[in-house]
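**Q** What follows is a structure written as structure tokens; I'll ask about it next.
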Amino acid sequence: MDQAREYAGTFLDRSIFVGAFLGDTMIGFFKLVTDENRNQACLVHILSMVQHKDKAPTNALIAQAVRSCAQRNIPYLVYEHFSYGQKQGDSLSNFKEVNGFQRVDLPRYYIPLTPIGEAAFSLGMHRRIADQIPEVVAAKLRDLRRVWYGRKLQTVTEA
């Protein structure tokens with residue numbers, strides 16, 4: 001529990017922490033951060049142990065996040081990005097949709113205020129680097145990352 005607090009120790013005055021336990025072992029937790037007016041809560045951290053995914057702790061945590069907001073009369077629960085960059089339909093977006101979250105697109109406007117800002121804008125520097133990678137290349141990089149973590153997890157499991 002202390003490690004979770006250290007990991008997610010920002011905005012403590014506006015934070016709600018909830019843990020999912022199996023016996024005495026914490027197998028997941030989330031942190032909600034409310035805005036100053038308590039009109040919305042943002043699900044900043046939600047983590048669950050992979051070895052307990054058969055118990056669906058993440059689903060239970062989301063259900064508790066909804067209950068926590070309802071108990072505090074917080075009308076909106078935000079689960080950050082619905083999709084990431086050019087990436088079309090992935091397991092995380094599907095998970096959010098299945099759990100009742102809806103995508104809300106907010107327009108963003110960028111206005112360069114200086115000649116340097118105008119140059120940066122014309123070079124696309126107002127966008128994340130990850131969003132500028134072609135989707136075909138990004139998909140290959142994600143596959144490589146999945147293989148890397150698969151091997152890493154297998155090594156940890158064997159040890």
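**Q** Using a 1.4 angstrom probe with every protein chain in place, what is the largest-first accessible-area order of Val50, Val78, Val104?
**A** The most accessible residue leads, giving Val104, Val50, Val78.
**Q** Give me the accessible area of His126, 1.4 Å probe, in Å² rounded to the nearest 10.
**A** His126 has an accessible surface of roughly 50 Å² with all protein chains in place.
**Q** Separate question: What is the extension gain from Val50 to Asp13, computed as 0.36 nm multiplied by their sequence separation minus the C-alpha to C-alpha distance, in nm to one decimal?
**A** Once the chain is fully extended between Val50 and Asp13, it gains 10.3 nm.
**Q** Can you give me the long-range amide H partners of Val78? Hydrogens built in the peptide plane at 1.01 Å from N, cutoff under 5 Å, separation of 5 or more residues or another chain.
**A** Here the answer is Ala41, Cys42, Leu43, since their amide H atoms fall under 5 Å of that of Val78.
**Q** Here is a follow-up. Taking a cut-off of 25 Å between Cα atoms, list the lysines near Lys31, but don't count ones fewer than 8 places away on the same chain.
**A** Within reach: Lys53, Lys55, Lys96.
**Q** Probe of 1.4 angstrom, ligands and nucleic acids ignored: what's the accessible area per residue over region 20-159, in square angstrom?
**A** Result: 76 Å² of accessible area for each residue.
**Q** Also, I was wondering about something else. Using each residue's phi in region 45-59, evaluate 6.51 cos²θ - 1.76 cosθ + 1.60 at θ = phi - 60° and report the 3J(HN,Hα) Karplus result to the nearest Hz, with x for Gly and Pro.
**A** Rounded to whole hertz, the list is 10, 9, 10, 9, 6, 4, 5, 10, 5, 5, 8, 6, x, 5, 4.
**Q** For the residue pair Arg103 and His81, what label-to-label distance in nm results when each label sits 7 Å from Cα along the Cα-to-beta-carbon direction?
**A** 1.3 nm
**Q** Taking amide H positions as placed in the peptide plane 1.01 Å from N, state which residues far from Ala20 in sequence (5 or more) or on other chains have amide H under 5 Å from it.
**A** Here the answer is Ile27, Gly28, Phe29, since their amide H atoms fall under 5 Å of that of Ala20.
**Q** While we're on this one: Between Ser91 and Phe121, 0.36 nm times their residue separation minus their Cα-Cα distance comes to what?
**A** Extra length from Ser91 to Phe121 when fully extended: 7.6 nm.
**Q** Could I ask something else about it? Among (i) 13.1; (ii) 13.6; (iii) 14.7, only one was calculated for this model; which label is it, if the read-out is mean projected area of the Cα convex hull in nm²?
**A** Checking each listed value against the structure points to (i).
**Q** Relative contact order for the chain: what is it in percent, counting Cα pairs under 8 Å that are at least 6 residues apart?
**A** RCO, the chain: 13 percent.
The values are calculated or read from the model by the stated rules, or taken from the named source; none is laboratory data. Here the structure is a predicted model, which means the values were calculated and not measured. FYI the Cβ positions are ideal-geometry reconstructions off the backbone, even for glycines, and counts take in every protein chain you see. Each accessible area value is taken on the protein alone, full model and side chains, heavy atoms only, with ligands, DNA and RNA left out. Shrake-Rupley method; radii C 1.70, N 1.55, O 1.52, S 1.80 Å.
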